[in-house]
């Protein structure tokens with residue numbers, strides 16, 4: 001085990017939980033409802049950090065912990081536009097159709113609060129999709145229902161296995177948490 005201290009994970013994401021379990025970082029999930037809007041004019045990296053910071057602060061403000069609070073937010077960027085979570089089936093199909101055959105960025109903002117200290121960073125991974133047929137996209141959306149995922153896909157599911165041509169950067173960042181960097185930051189706290 002590289003990091004033995006416990007943390008509070010301010011996220012309900014099953015993928016973030018799984019990644020921390022794989023890294024053997026003990027954690028407890030505590031979430032607060034948080035506004036995920038952001039001020040205009042922020043860079044994509046600062047947007048992800050801003051949302052993650054709000055999640056961490058909401059949990060820290062409402063609870064007294066003597067261990068670090070970790071929050072993250074992942075956004076997908078295609079051609080200078082943020083792509084969020086799909087609102088329905090048609091939106092998911094449209095998002096994946098837009099990503100098909102193109103390179104996009106997955107940016108995860110991470111904020112770790114511990115007492116008065118803050119560690120904040122953003123990690124960026126470039127993902128290149130093969131051209132996907134309409135039938136492939138519909139199959140994926142109908143079978144996996146990726147409505148809770150930024151960019152309407154999860155790299156560890158079928159679409160990642162058959163649809164992704166290349167990944168440049170941290171694979172686990174695309175799953176929702178650059179876990180090796182998180183562990184390094186926790187060690188420095």
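Values computed for the structure shown
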read-out	value
Filter pass, residue 142 being touching a helix residue (DSSP H, G or I) at 6+ places or on another chain (Cβ under 9 Å), assigned to a helix (DSSP H, G or I), loosely packed, with under 15 Cβ neighbours inside 10 Å and modelled with pLDDT of 95 or more	yes
When residues of region 21-46 are limited to those that are closer than 16 Å to residue 112 by Cα, touching a strand residue (DSSP E or B) at 6+ places or on another chain (Cβ under 7 Å) and in contact (Cβ under 8 Å) with a residue 24 or more places away in the chain, the one surrounded by the most Cβ atoms within 10 Å (Cβ to Cβ)	25
Residues (loosely packed, with under 14 Cβ neighbours inside 10 Å and either modelled with pLDDT of 95 or more or on the phi < 0 side of the Ramachandran plot (or both)) located in region 103-117	116, 117
Condition met for residue 126 (at pLDDT 95 or above and out of contact with any helix residue (DSSP H, G or I) (no Cβ under 9 Å at 6 or more places or on another chain))	yes
Test: residue in region 79-102 that is touching a helix residue (DSSP H, G or I) at 6+ places or on another chain (Cβ under 9 Å), farther than 17 Å from residue 146 by Cα, surrounded by 15 or more Cβ atoms within 10 Å (Cβ to Cβ) and at pLDDT 95 or above	no
Test for residue 95: is it farther than 25 Å from residue 19 by Cβ and part of a helix (DSSP H, G or I)	no
Scan of region 60-72 for residues that are more than 13 Å from residue 119 (Cα to Cα) and either modelled with pLDDT of 95 or more or part of a loop (DSSP other than H, G, I, E, B) (or both), ordered by number	63, 64, 65, 66, 67
All helices (runs of 4 or more DSSP H) inside region 149-189 with 3 or more residues being under 21 Å from residue 91 (Cβ atoms) and modelled with pLDDT of 95 or more	158-163
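The values are calculated or read from the model by the stated rules, or taken from the named source; none is laboratory data. Just so it is clear, the structure is predicted and the values come from calculations on it, not from any experiment. Cβ coordinates were reconstructed from backbone atoms using ideal geometry, including for glycine residues, and neighbour counts include every protein chain displayed.
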